[in-house]
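Notes for the one structure printed next.
Derivation of every value follows stated rules applied to the coordinates shown; laboratory data play no part. No experiment lies behind these values; they were computed from the predicted model shown. When we count neighbours, we look across all protein chains shown, and the Cβ atoms used for this are built from the backbone with ideal geometry, even at glycine.
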Amino acid sequence: MTPDLRQFRYFVAVAEELSFTRAATRLMIAQQSLSQQITALERNLGVKLFERDSRGTRLTDTGALFLPEARAALARADEAVAVVARARRGEAGELSLAFLATTANHLLPPIVRAARSRLPSVSVLTTETAIGSLVDGVLDGSFDLAFTRPPQVPGLASHTIATEQVCAVLPAGHPLADRAALSLADLAGERWVMTPRSSWEPWHRAFDESFRAAGFSPQVVARDASVQGFWAWSRPGSG
């Protein structure tokens, strides 16, 4: 019969107290029950762990060898229980976080640092992806959490953590480049570079509604999914 962790705890208590009486008091059990469990442990292991005589209780050589192993086994068992408890509270395991390239520099780092500081047992895994893949990944369970943009998606809970102004990227020297603020209507005659419609249709529908409200349909000369691409297309003569 394999010894159980309770017997390990009883053995460690007796080994540390070198007294069955004190160990029983510490464990809050009857001394007779403690003696029976130690005897059962010795029988299961096939060795004698303690010597008991008129001078008291002392470990045998085998008992002395067994003591650090029993302590290690108990510590490992306690840690296993603690890991499960942390996981139950959401404080252990992995957190898969998806983000857009436009959030990588200013929004992502402080949030990841805070998560790792508050939840040191949680591995935070980050993935940069396009907005459509980001939303789909949360819906199908590939990602636990994502930093995205409006509009809201049915079936997903969302919370606003930052509000940003929309900006227009214009070539240097453009007549509108020095303006402190622009309306969408101010850009009606410009050539537009936008993300592919396939990247996330709900996002483009929101833009379409804004364009209609401003009274024009944009002249889209190129579509690019990358931030670097937008900067390249903003050169004079491109878009």
Exercise. So what's the projected area for the chain, the Cα convex hull averaged over all directions, in nm²?
Worked result: 21.3 nm²
Problem set entry | Dipole in debye (nearest 20) - the range 5-88, about Cα centre, beta carbon charges: Lys, Arg +1; Asp, Glu -1 | 240 debye
Exercise. If you build a Gaussian network model of the chain, linking Cα atoms that sit under 10 Å apart, which residue out of Ala177, Ala157, Ala104 swings the most?
Worked result: Ala157
Exercise. What relative contact order, as a whole-number percentage, does the chain give when Cα pairs under 8 Å and 6 or more residues apart are counted?
Worked result: 14 percent
Exercise. For Met194, Met28, what ranking results if the residue with the fewest other Cβ atoms within 10 Å of its Cβ goes first?
Worked result: Met28, Met194
Exercise. Based on DSSP, what percent of beta bridges with both residues in the chain are antiparallel, to the nearest 5?
Worked result: 25 percent
Exercise. In whole Å, how far is the Cα centre of the range 164-191 from that of the range 1-19?
Worked result: 77 Å
Seminar exercise, completed: Taking 159-169, 80-90, 33-43, 60-70 and ranking on average Cβ neighbours within 10 Å, highest first, one gets 33-43, 60-70, 80-90, 159-169
Problem set entry | Extension gain (nm, one decimal) between Arg6 and Phe216, 0.36 nm per residue minus Cα-Cα | 67.9 nm
Problem set entry | GNM result for the chain, Cα springs below 10 Å: residue of Gln32, Gln219, Gln152 fluctuating most strongly | Gln32
